[in-house]
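Step one of this worksheet: look at the structure below.
The values are calculated or read from the model by the stated rules, or taken from the named source; none is laboratory data. Keep in mind the model is a prediction, meaning the values are calculated, not measured. Cβ sites come from the backbone with ideal geometry, for glycine too, and all protein chains shown count toward neighbours. When the accessible area is computed, the model is the full protein with side chains, heavy atoms only, and any ligands, DNA or RNA have been set aside. Shrake-Rupley method; radii C 1.70, N 1.55, O 1.52, S 1.80 Å.
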Amino acid sequence: QTIAFKELKDDAAVFLTTRSGSLEGLGTEEVSLEKDGIYILSSTVGDIGGKSLEMPSDLKPGTTWSKPSEVKRNDGSVSKYDATFKVIGTEKVKTKAGDYDALLITSDGPAEVNGQKLRMKSKNWYAKDVGVVKVEIETAPTKGSPQRIVIEATQ
């Protein structure tokens, strides 16, 4: 995953997040950094329904926010997630790239992917001046076995 500055537009810094390799399926996103938070503007995966708050600028421990989202994917499928996010605080996290003092933000909520209902939880660690260094995602479908995915910095 690479993040590159694109432009300064309407008092917001706009970036492109490009993914390749095993993350390629997550597509490329256009993201804006604004006074009140980080917003996703568009995604190559599909229609996200317009500008969406990804993370507020106030990230004190205990801060929570909700983010219902729906993506109409290019393949015709629809993904929905009605997440509640919470800032837990700073903790040490180990990755293949090393150890970081990182801000932990969790999420939890119902989701629907390709018509399958499930519960999705995540843990996201953000290191200062680096960005996200580790993500753990757990999905528990109403039918089938739970899954756990871990994505972490490698260099």
* Working only within the range 22-59, note down all residues that are open to solvent by 60 Å² or more (accessible area, probe 1.4 Å), farther than 17 Å from residue 82 by Cα and outside any helix (DSSP H, G or I). => 33, 35, 36, 44, 57, 58
* Taking the range 15-55 only, how many residues are within 13 Å of the chain's Cα centre (by Cα) and within 21 Å of residue 110 (Cα to Cα)? -> 6
* Asked: Any residue in the range 86-93 that is at negative phi, among the basic types (Lys, Arg), without any contact (Cβ under 8 Å) to a residue 40 or more places away in the chain and out of contact with any helix residue (DSSP H, G or I) (no Cβ under 6 Å at 6 or more places or on another chain)?
  -> yes
* Just one of (1) open to solvent by less than 80 Å² (accessible area, probe 1.4 Å); (2) touching an Asp or Glu at 6+ places or on another chain (Cβ under 9 Å); (3) not acidic (Asp, Glu) trips up residue 86, so point out which. => (1)
* Structure fact -> Of the residues in the range 65-78, those that are more than 14 Å from the chain's Cα centre (by Cα) and either surrounded by 14 or more Cβ atoms within 10 Å (Cβ to Cβ) or closer than 14 Å to residue 26 by Cα (or both) come to 72, 73, 74, 75, 78
* Asked: Do the conditions hold for residue 134, that is, is it modelled with pLDDT of 95 or more, basic (Lys, Arg), surrounded by 18 or more Cβ atoms within 10 Å (Cβ to Cβ) and more than 15 Å from residue 69 (Cβ to Cβ)?
  -> yes
